[in-house]
Amino acid sequence: MSTLSVPAGTAPATTSAPAKKETSKSGKRRLPLLPALIFVIAVTQIPFLLTLYYSFQSWNLVRPGSQHFVGFSNYVDVFTDTTFLGALLNTVILTVVCVLVSLLLGLGLAILLDRKFAGRGFVRTLLITPFLILPAAGALLWKTTMFDPTFGLLHFVFHTDVDWLSQFPLAAVMAQIVWQWTPFMMLLTLAGLQSQSKEVLEAASVDGANRWRTFYSITLPHLSRFLQLATLLGAIYIVNSFDAIFLMTQGGPGTASTNLPFYIYQRAFEGFDIGQSSAMGVVVVILTMIVATFALRLMFRAFSVDGGTK
């Protein structure tokens, strides 16, 4: 029986048809996502590139013809601006306090709503309602019905003539934001509570563990990934709070309640300083990306890459 010989220096032909077919199928599956990708690039990346370009320019809209290249001068001015540094500190305080307080309140409410009682569905609906209200409407609601020094609810309950928005502006804004975001934290935590195994809780009860020991040793470790997710999402949204400050305090008195988004708005749309406001925007984006990257790394330790839990 004779065999076919392959000439020296030539490799046997291998068919790549399956690989090409798989690549073609993958491309066809991703093709419907192309319009969404183009839209995202158009509304996010192109404006950011323009902001980055303007951050290297000195340009004030009230002075026609003033636009010229200044390099990193705007960034130097940003980090030497005491108002910007104060707004940065207010933003950090506002974000940390609101996230922690709303997370603790949401955890407590979720533990209560995880138990069975009459009218539980109605109570859940009532507690979710603040999150469904528009931020602007919620800010106006608290400004007129809660903090008004003459006709406000706090004045009626405590019988004081304290002007909360003038004497405690940042605390007043934080109270409204906590009220708005506590239901969100409650929903995520409640989902975590309802996903834990009832058999494990029953086994802990049989072994003689009390409620506090069961919560600390079993429930809290199970909720850790849900609490991390709530902290990350809450921080991303709360750090961009604008409605409450704009409608309740206007950043005042002075700059006592000014945060970074509101200060950038002031410099861009009230001071017409496009260069410095763009530099501030770029700095805020970079700081947010650093914090988000650190938080996402913590999240990936709790969740596997393919979407399942470790």
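Could you list M280, M248, M289 so that the one with the fewest beta carbons within 10 Å of its beta carbon is first and the one with the most is last?
On the way: M280 27, M248 23, M289 10.
In order of increasing Cβ crowding within 10 Å: M289, M248, M280.
Can you sort I133, I41, I177 from fewest to most other Cβ atoms within 10 Å of each residue's own Cβ? Intermediate values should be presented prior to the final figure.
On the way: I133 14, I41 10, I177 28.
The fewest-first ordering by Cβ neighbours comes to I41, I133, I177.
Sort segment 74-302 into rounded, prolate or oblate with this rule: let a ≥ b ≥ c be the square roots of the eigenvalues of the Cα gyration tensor; rounded if a/c is under 1.5, and if a/c is not under 1.5, prolate when a/b is larger than b/c, oblate otherwise.
Values: a/c = 2.85, a/b = 1.51, b/c = 1.89.
Since a/c reaches 1.5 but b/c is at least a/b, the shape of segment 74-302 is classed as oblate.
Residue by residue through segment 149-166, which ³J(HN,Hα) values in whole Hz follow from phi under the Karplus form 6.51 cos²θ - 1.76 cosθ + 1.60 (θ = phi - 60°), with glycine and proline marked x?
x, 10, 10, x, 5, 5, 5, 5, 6, 9, 6, 10, 9, 6, 8, 4, 6, 9
Restrict the search to segment 26-125; then list the chymotrypsin sites (Phe, Trp or Tyr not before Pro) that DSSP places in a loop and that have at most 16 other Cβ atoms within 10 Å of their Cβ.
On the way: sites: F39, F48, Y53, Y54, F56, W59, F69, F72, Y75, F79, F84, F117, F122; in loops: F56, W59, F72, F117.
Passing sites in segment 26-125 are F72, F117.
For the chain, what is the calculated [θ] at 222 nm in deg cm²/dmol (nearest 500), taking -39500 (n - 2.57) for each run of four or more DSSP H residues and dividing by its residue count?
Values: 16 runs with 203 residues, N = 310.
That calculation yields -20500 deg cm²/dmol at 222 nm.
To the nearest 20 debye, what is the magnitude of the charge dipole of the chain about its Cα centre, counting +1 on the Cβ of each Lys and Arg and -1 on the Cβ of each Asp and Glu? Could you put the intermediate results ahead of the total?
Numbers: 20 positive and 14 negative charges, 291 e Å.
So the dipole magnitude of the chain works out to roughly 1400 debye.
Hey, which aspartates and glutamates would be in cross-link range of K198, C-alpha to C-alpha under 15 Å, not counting anything within fewer than 8 residues on its own chain?
Straight-distance partners of K198: D114, D207.
None of the figures in this text is laboratory data; all of them are computed from the coordinates on show. Note that the structure is predicted; figures quoted are calculated from it, not measured. FYI the Cβ positions are ideal-geometry reconstructions off the backbone, even for glycines, and counts take in every protein chain you see.
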